Amino acid sequence: MSVRRHTFYNLAGHGLSLIVLLATIPIYIDVIGVERYGVLSVIWLLLGYFGFFDFGIGRAVAHQVAACTENNPEEKRHAILWTALLTAIPLSLLGAEILYFAVAYALENWVQMPTGLRAEAEQTLIWVSLSLILLLLAGVFGGAMTGMRRFLEINVLGVGTKLLLQVMPLGAALLLSPDLGNLAMAVFFARLLSLVSWGGICYKIMPYALSPKWRRGLVGGLWRYGGWITVSGVVGPILSGMERLLIGTLIGASAVTFYAVPYSLISPVTVLAGSLGAALFPLFAACSGERNRYLEARAAGVVLAVVTPLLVALAFIIQPFLGIWIDADFSREAGMVPQILILGFWANSIAIIAHSRLQGSGQPRAVALIHLAEILPYLLLLFVLVAEFGIVGAAIAWAARVIADALLLGGRSGLLSGFGAKLWIPFVIVLLSVFLALALAANPWAMGIVGCIMMTMAVWWAWRIGLDEEARVLVARIVRFGGVK
């Protein structure tokens, strides 16, 4: 297995998805308006949240398929896939029904919007609920392909799915009307095309018998592993998305957009950590002990060496970029939100690697318990700060929670004990860059000069400390010759 090649596939997939996102968000806001986009963000958030109704089966399939080493692994993999699908179908139906009422309640009670827009939002309920069923079934096929380490196919399908999900609703808005019901209907058909594609490619990779094959003995393993994944699946989206719901409740749908767009713009910096973590997940499942610790520490070093200079650069350019990309009013309304989120995404890059190590090595319970311990303090902090400082308070609460998450997950996985001493300098560099960018916002020349100085410091740390000798040789070879082998 080539971790470099599979990581490259994952990065390329995320990069193409980012291009689609950057190209379509301004068009969405122009075509459907700020308030509709804010409501749509909340609906998409709830759809993603209710993805936990597969009870972690997709991730459990990936773990079991990757760890499958018996004499006839093909037969067992087929049995794992069919058992998971037959288990996921009734769960997805239950989830769709609950999602219908949850979205209706959230739109009625949590999100401030005009009466006419509320009537449009009600038309989305059936389409969003049906989309959940398709999302969960596609996740089972995705889990099987992850266990088979077919990351090229996974990313081709992932980019195709995101392209459909961004372009088809936009096409519906342009060709029919910007009515939210039309957009939700387009999302459903995008999900349907995506499910057919995932099922077809999975069949090509590991041709499973088309007649269902249930193996009762596999259900216990799926439930045990998937149960703890489900706990993280229930709690995780609350931790990562509740601030948008609370903004919509206390401030309004427009404010959600001013928070969600910078969040979407910065979040791709974690794609390296996510890509590397996904590529290493099957290895974490198949290996143990010192080998896993070595892989985790090297992955963290590479991730921080890339992410730290990138986030330092973003701290100085993101505010002007928002003004050019959308408009000056939008940049002003977003305020300090982008810079505060930068700190959280730096910490999140570390948390992703530790998270992948713990789940891959069969410790989803540890991840779930950490997330459960975070939820109450975070919600209290979030409510207080949003009520007091609006979207800036939401960003502060989210960043503080993510930093705590990185410390807890990294401590549990052992990453901090072996790699923790290397973390303080890059964190201080990013923190100082954020403060300087805010302080010098009114003086572009000074901000440019200081930004170059901070970038130099970040790159020096990344090359001399963040990367070990073997990683430096690899980077130099890639730069010299290009490509990934």
Point to revise | Failed item, numbered, when Ala441 is tested on (1) free of Cβ contacts under 8 Å to residues at least 24 places away in the same chain; (2) of a type in the set (A, V, I, L, M, F, W, C); (3) outside any helix (DSSP H, G or I) | key: (1)
Review point. On the given criteria, is Gly362 assigned by TED's automatic domain parsing to the domain that holds Ala462, small (Gly, Ala, Ser) and outside any helix (DSSP H, G or I)?
Key: yes
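Going through Val367, Val303, Val307 one at a time, which residue ends up being crowded, with 22+ Cβ neighbours inside 10 Å, in contact with a His (Cβ under 9 Å, 6 or more places away or on another chain), assigned to a helix (DSSP H, G or I) and in contact (Cβ under 8 Å) with a residue 12 or more places away in the chain?
Values: Val303 fails: in contact with a His (Cβ under 9 Å, 6 or more places away or on another chain); Val307 fails: in contact with a His (Cβ under 9 Å, 6 or more places away or on another chain).
From the options Val367, Val303, Val307, the qualifying one is Val367.
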Review point. Just for region 97-150: of the residues that are hydroxyl-bearing (Ser, Thr, Tyr) and more than 24 Å from the chain's Cα centre (by Cα), which one is modelled with the lowest pLDDT?
Key: Thr115
Practice item. Give the number of residues within region 315-353 that are under 17 Å from Gly448 (Cα atoms) and surrounded by 20 or more Cβ atoms within 10 Å (Cβ to Cβ). Key: 6
Review point. Do you know which residues across region 42-77 are farther than 21 Å from Gly139 by Cα and at pLDDT 70 or above?
Key: Val42
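So which of Leu152, Leu165 ends up being hydrophobic (A, V, I, L, M, F, W, C), under 27 Å from Gly277 (Cα atoms) and surrounded by fewer than 19 Cβ atoms within 10 Å (Cβ to Cβ)? Explain how you work it out, then say what you get.
Numbers: Leu165 fails: surrounded by fewer than 19 Cβ atoms within 10 Å (Cβ to Cβ).
Just a single option satisfies the conditions, and that option is Leu152.
Looking at Ala104, is it over 25 Å from Phe281 (Cα atoms) and assigned to a helix (DSSP H, G or I)?
Values: over 25 Å from Phe281 (Cα atoms): yes; assigned to a helix (DSSP H, G or I): yes.
Considered against the rule, which asks whether it is over 25 Å from Phe281 (Cα atoms) and assigned to a helix (DSSP H, G or I), Ala104 comes out as yes.
So which of Ala121, Ala144 ends up being more than 30 Å from Ala279 (Cβ to Cβ), small (Gly, Ala, Ser) and in contact (Cβ under 8 Å) with a residue 24 or more places away in the chain?
On inspection, the qualifying residue turns out to be Ala121.
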Point to revise | Qualifying residues in region 143-193 (those that are in contact with a Pro (Cβ under 9 Å, 6 or more places away or on another chain) and not in a helix (DSSP H, G or I)) - the one nearest to Ser17 (Cα to Cα) | key: Arg149
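The values are calculated or read from the model by the stated rules, or taken from the named source; none is laboratory data. Predicted model, so just to flag it, every value in this text is computed and none were measured. Cβ: placed from backbone, ideal geometry, glycine included. Neighbour counts: every protein chain shown.
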